[in-house]
Structure formats: C-alpha cells, structure tokens
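One structure is given here, and the rest of the page talks about it.
The values are calculated or read from the model by the stated rules, or taken from the named source; none is laboratory data. Since the model is a prediction, treat every value here as computed from it, not as a measurement. Cβ coordinates were reconstructed from backbone atoms using ideal geometry, including for glycine residues, and neighbour counts include every protein chain displayed.
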Amino acid sequence: MTRGHLPLCGEHAALTDGECIWRVEHAPVHDESGELVCVRQTVTACKAAPENASSATLSDSELRYRTLFEQINQGFCIIEMLFHEDGTAADYRFLTVNPAFEAQTGLVSATGRTMLELAPHHERHWFETYGEVARTGMPAHFQNEAAMLERWYDVHAFRLDPSRPNQVAVLFSDITEQRNAEQRRKRSERGARAAALLAEAATRRLDALLEVVPVGIVVSDRNGAIERENRMFAQLWGKDHPTRTTLADLGSWKARWADHSARHGQVLELADWTTARALRGEEAVGDLLEIESFDEPPVRRVLLSSGAPIRDENGEITGAVVAQLDITERIAAEEELLLAAKRKDEFLAMLSHELRNPLAPIASAADLIRVFPNDEEKSSRVVYAGRSA
C-alpha cells in the first residue's frame, strides 16, 4: 500500500478505449497479535457494457475525492484501533495518511506504524476518544493538545465503514499558532483589565486627593482647554468662571504680575500665563499673580502659580497641569509686619530725638559761662555739664 492512498473497498479505473473496467481492492492483513503483516491487493477486470455506466461514474467520483484527499491542507488519516482484552483502547495504527499529514504532525513514515511507536508518551485521551468513536460509531469534533508533538489540533473523527468498526477516519488541522495567538490575546486582555482596574483605583485616589488639597489644580490639553479642575480652583476663580476651550480664551481671565519686579502690576500677556508656558515646555515655578475672580462682586486674590507639561511615552507634550495657592492672607500679614516695623523705627527715632533735645539748653548755657573764665570753680562745673550734654 503506497502512502497517501485510501484503502477503499472498491477503487475503479476505466480504460480510455472503454473496453474494460478494472477493479482494485486493498485489504490489510494482520497476524494473531494484531500486527499489520501486509496489504492484500486484488485486481479484477470486466468488459464494459452499458449496464456498467454507473461504475464508470463511480470511478470519476472517486477520482475527484482522491484529488481532494491529496490536495487539502488539512491532515487526514485512517487509523485502526487496537484494544486490550478488557475493551479499553490500547493504541492505534496508521493505515493511510495524506500528503499534508507529515506537515501537520511532524510524524515521518507513519503508515503501518502505531502511535505509541512514534510518540511513546502520547496522551491517553486521544486513544480513549478514538476508541469511543470506533465502538459507538458516533463522530467526534474537539480541540485538544498533543503535548508530545508540541501542537494543538482541531479534530473531526468518524467511522467510515460499519463493516470495519475498528477503523476511524481523522481529519485535523494544526491550530497551534491560532491557539497561541488566542492565549496571547487573552493574556493581553487580562493585563488590560488589570491595568484598567489599577488606573481606576489610582483615579479614585487622585480624585480624593484633588478635592482635599488646599490648592487649586487645573489640567489642560495640548490646546489649553480645561480637561479637569478641582473644587479649590473653582473657588479661587469663581464657580461660574467661563469654559476654556483654547489658550485664546484666557483673554477674558484677569491677572497682573505681583512679584515686585519691574513688571509688577502689569497685565499678563497670553503667552505669560502659567499654562501657556508649561505647554511650551518652559519652567513655570512660583509665579506671583494678582487675579480678579469671576465672582459677583469680583474678588482680588494673590496666587502663587506653578505649572509643568504633561508628556506621553515619546516625550511629546500632550497637556499641562497648573497648581495655584492662595497667599492673599499671607501677603497681607507680611505687609502688616512691614508697616509695624516701619512704625517702630519711626517711634524709636522720635524718642531718641526727644531724649537728646532737653540737654541742648544746658549745653548752650555752658558755652556762655566759659566766655567768663574769672571764676575757676564755676568754669570747672560748666565744663563738666557741657561734657555731659
């Protein structure tokens, strides 16, 4: 029996002259132990006659099936089940295989050999499944792993001929790559779900943090549109502050420099805003600004404003985050301290002046007495008084 040929009960071939139809029959021969000894081939011939037209049609049909058998990409084989005396499946022998069999399994020269000869540790479930098909005649479709072959298969198993119950036809495809791809996809999905859960938990923590910090925080996209702001930011600028969709919308927001530099008191230009500078990738730390809120009536506040760009994995700027701390009360307290210190200095200067001025007349009188040097005793007292003054 040649590899790739089905052991069909009747394999026909019609001569081109139409005079004879040849009938070829293959049948395996086993010894007492069940081992395959040989394959018997019987060839008979008969004259063609009109009543044999159906046989010629059958030959054409078998030829088409033979072509399909040899051309399909799926592996195909016919196996003969071998059973123990107690009826359990022991092994199976490959009676015939198609050309795709070797590529699908990696098994070479399988025809006539048993599975355990080719793969001694082949899993038991394969024998049990095929044995069940042979015993019951019920077809089976399943996907399973052949660990010894390091492959996964999609398998259709069915009994071909009820008169040969131990023979099972197996049509199968190697789905290892699809299986691995599916496993990678599932792992990726599990990883994505886990990452999403972590991100969601991190977002909840961030939300809680943003709502309790005494700092106004606003996150903008690459165009300057507000994506997120916390409660304190809305409180600083007024709950009804206008929606900002681009940096240009900052034109309606009011702020002046309050850093006591040469620009102190100047209105912020669009490019000077902390968000704009952060979106350009510039350092924006500790800007002192005096703002006017959108409350009714407007409230003036002094803010310490800092910002930083938000970058993606490639380092590209995708947005900006700005934090603003209200230091109005602190600035007012510092100004009060400066005013108090100034008043103290003025008071001490005045007190010093007042303490020294009462002695000025005494010093003048002493100068006059020194003009009359006749009285030595008085002169010495005047000199002492003048020195003391």
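Filtering segment 146-183 to residues that are among the charged types (D, E, K, R) and surrounded by 15 or more Cβ atoms within 10 Å (Cβ to Cβ) leaves Arg151, Asp154, Arg159, Arg164, Asp174, Arg179. Only a single criterion out of (1) in contact with an Asp or Glu (Cβ under 7 Å, 6 or more places away or on another chain); (2) free of Cβ contacts under 8 Å to residues at least 60 places away in the same chain; (3) not assigned by TED's automatic domain parsing to the domain that holds Gly87 is not satisfied by Asp221, namely (2). Screening Gly87 with (1) surrounded by 15 or more Cβ atoms within 10 Å (Cβ to Cβ); (2) modelled with pLDDT under 95; (3) more than 47 Å from the chain's Cα centre (by Cα); (4) of a type outside the set (A, V, I, L, M, F, W, C) gives one miss only, at (1). Annotation note: of Ala258, Ala278, the sole residue that is more than 16 Å from Ala320 (Cβ to Cβ) and either in the same structural domain as Glu296 (by TED's automatic domain parsing) or exposed (fewer than 13 other Cβ atoms within 10 Å of the Cβ) (or both) is Ala258. Note on segment 216-250: among residues that are in contact with a Phe, Trp or Tyr (Cβ under 9 Å, 6 or more places away or on another chain) and part of a helix (DSSP H, G or I), the one that is modelled with the highest pLDDT is Trp237. Report yes if some residue within segment 97-115 is surrounded by 12 or more Cβ atoms within 10 Å (Cβ to Cβ), among the basic types (Lys, Arg), within 23 Å of Ser173 (Cβ to Cβ) and touching a residue at least 12 places away in the same chain (Cβ under 8 Å); otherwise report no. Yes, the conditions are met somewhere in segment 97-115.
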